[in-house]
Amino acid sequence: MDYIVFDLEWNQCPYGKEQENERLPFEIIEIGAIKLNEQKERIDEFHQIIHPVVYRKIHFRTREIIGVDMAELDKGEYFQQAVCNFLRWCGDDYAFCTWGTLDVMELQRNLKYYGLLAFIQGPVYYYDVQKLFAVQYETRHERRSLEYAVDYLGLEKAGEFHLALEDARYTAMVLQTIQDDCIHGNCSIDCYQNPKLKEDEIHILYEDYEKYVSREFNTKEEAMHDREVTSMHCVLCRKNAKRKLKWFSNNAKLHFAVAYCPRHGYLKGKIRIKKTEDDKFFAIKTVKLISEEEALFIRDKQSAIRRKRQRKRHEKM
Ligand SMILES: [Zn+2]
């Protein structure tokens, strides 16, 4: 399997959000990619400038960051052709790698705009090198800039940042320093093409936590009443864990719960409800082992929310 490390540059509506095309807020104008083989040796590169169709003027931010002009972009290929060239170049056995989570999603949104989403099967499993860098060198939740990582690792700075091919090169260089175990134990899922049916649902077991992506529901409430969505299993022995704290939320999107496995201790559940472009809902649940202190902390958080709600209700009366 090859690693396709890619980076996109995009333009946005030059006249502000009010006038943007809702189906394509960010129009891809450049694709840069590096192909690494299974040993993470560099074997090829790809670069394509894209002729913009939706936004015919460059947003000042885009110009500031990447410094291209329309005349230059107009020499490029149309997106449909460019993306065909790119995906053909990727080959048939590869995994996408990007710096951060945005590029995989934007690539699909641009494909969808042109009716080409079937070119990439979703949900897309990929490697977020920004996250891998955090896991290997810092702490899991840290997110750094690409330039920070390049400096941290003392890698040679040959080209400018924020050009698609240069950023892909730097990202590939960072990926080359990450251990295979770390890469393969921390794959990411992009749910722009979310699971639709029960049989498409995703369960992934990582080293110390579990991730689940549900099928679609018509409402948030329906999702939060589903047994599979709200169940909690121990991440180590997979046994049903006894609920210590029912699911609660401080807003409609994020829910928390605590459960207990007699052998392995406390577990924290977190459910994030996501809305699709078609106004349906799906849930992303993570379950992980936590200490007793963390469990108590979550309990206190719940009590505080409850007290606040009671106070509000009281004030209304
Ligand atoms: Zn257990």
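The values are calculated or read from the model by the stated rules, or taken from the named source; none is laboratory data. What you see is a predicted model, and the numbers here were worked out from it, not measured in a lab. Don't worry about glycine lacking a Cβ; one is built from the backbone with ideal geometry, like all the others, and counts go over all protein chains shown.
Can residue 284 be described as touching a helix residue (DSSP H, G or I) at 6+ places or on another chain (Cβ under 6 Å) and away from the ligand (no atom under 16 Å from the Cβ)? Spell out the reasoning first.
Numbers: touching a helix residue (DSSP H, G or I) at 6+ places or on another chain (Cβ under 6 Å): no; away from the ligand (no atom under 16 Å from the Cβ): yes.
Taking the combined requirement at face value, the residue does not satisfy it.
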task: Six or more apart or on different chains, Cβ under 7 Å: which pairs go from a residue in region 219-240 that's over 12 Å from residue 209 (Cα atoms) and of a type in the set (Val, Ile, Thr) to one that's more than 10 Å from the ligand (Cβ to nearest atom) and not in a loop (DSSP other than H, G, I, E, B)? Could you list them?
output: 219/281; 229/223; 229/271; 229/283; 229/285; 230/224; 230/247
- request: Return only the number of the condition from (1) outside any strand (DSSP E or B); (2) touching a residue at least 12 places away in the same chain (Cβ under 8 Å); (3) more than 16 Å from the ligand (Cβ to nearest atom); (4) basic (Lys, Arg) that residue 308 does not satisfy.
  value: (2)
- prompt: Out of curiosity, is residue 239 in contact with a strand residue (DSSP E or B) (Cβ under 8 Å, 6 or more places away or on another chain), outside the structural domain of residue 108 (by TED's automatic domain parsing), over 17 Å from residue 305 (Cα atoms) and not small (Gly, Ala, Ser)?
  reply: yes
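Check region 287-301 and report whether any residue there is in the same structural domain as residue 208 (by TED's automatic domain parsing), within 14 Å of the ligand (Cβ to nearest atom) and in a loop (DSSP other than H, G, I, E, B).
Step one: filter region 287-301 for residues in the same structural domain as residue 208 (by TED's automatic domain parsing), giving 287-301.
Of the ones still in play, those that are also within 14 Å of the ligand (Cβ to nearest atom) are 287-290.
Narrowing further to those that are in a loop (DSSP other than H, G, I, E, B): 290.
Checking region 287-301: at least one residue is in the same structural domain as residue 208 (by TED's automatic domain parsing), within 14 Å of the ligand (Cβ to nearest atom) and in a loop (DSSP other than H, G, I, E, B).
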query: Among 27, 45, 106, which is the only one that is modelled with pLDDT of 95 or more, under 20 Å from the mean Cα position of the chain (by Cα), of a type in the set (Asp, Glu) and over 28 Å from residue 141 (Cβ atoms)?
result: 27
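Restrict the check to region 261-274 and report whether at least one residue is under 24 Å from residue 191 (Cβ atoms) and of a type in the set (Val, Ile, Thr).
Step one: list which residues in region 261-274 are under 24 Å from residue 191 (Cβ atoms), which gives 267-274.
Next cut, of a type in the set (Val, Ile, Thr) only: 271, 273.
Looking through region 261-274, at least one residue is under 24 Å from residue 191 (Cβ atoms) and of a type in the set (Val, Ile, Thr).
Residue-wise test of (1) in contact with a Pro (Cβ under 6 Å, 6 or more places away or on another chain); (2) surrounded by 13 or more Cβ atoms within 10 Å (Cβ to Cβ); (3) over 24 Å from residue 194 (Cα atoms); (4) in the same structural domain as residue 32 (by TED's automatic domain parsing).
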position: 75; (1), (2), (3), (4): no, no, yes, yes
position: 81; (1), (2), (3), (4): no, yes, yes, yes
position: 84; (1), (2), (3), (4): no, yes, no, yes
position: 88; (1), (2), (3), (4): no, no, yes, yes
position: 93; (1), (2), (3), (4): no, no, no, yes
position: 106; (1), (2), (3), (4): no, yes, no, yes
position: 115; (1), (2), (3), (4): no, no, no, yes
query: basic (Lys, Arg) and without any contact (Cβ under 8 Å) to a residue 24 or more places away in the chain - does that describe any residue in region 127-138?
result: no
- request: Starting from region 143-170, take each residue that is assigned by TED's automatic domain parsing to the domain that holds residue 36 and part of a helix (DSSP H, G or I) and list its partners that are among the aromatic types (Phe, Trp, Tyr) and surrounded by 15 or more Cβ atoms within 10 Å (Cβ to Cβ), counting only C-beta distances under 7 angstrom and pairs at least six apart or across chains.
  value: 146/99; 146/170; 149/133; 150/170; 152/137; 167/99; 168/6
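Output the number of residues of region 2-23 satisfying the condition of being over 18 Å from the mean Cα position of the chain (by Cα) and at pLDDT 95 or above.
Just the residues of region 2-23 that are over 18 Å from the mean Cα position of the chain (by Cα), to begin with: 2, 11-23.
Adding the requirement that they be at pLDDT 95 or above leaves 2.
Result for region 2-23: 1.
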query: Where in region 176-275 are there strands (runs of 3 or more DSSP E), lying wholly inside it, with at least 2 residues that are within 16 Å of the ligand (Cβ to nearest atom)?
result: 209-213, 242-249, 254-261, 265-275
- request: Test each condition in (1) farther than 24 Å from residue 108 by Cβ; (2) at pLDDT 95 or above for residue 214 and report the one that comes out false.
  value: (1)
query: When you go through (1) in contact with a Ser or Thr (Cβ under 8 Å, 6 or more places away or on another chain); (2) at pLDDT 95 or above; (3) more than 16 Å from residue 195 (Cβ to Cβ) one by one for residue 284, which number turns out not to apply?
result: (3)
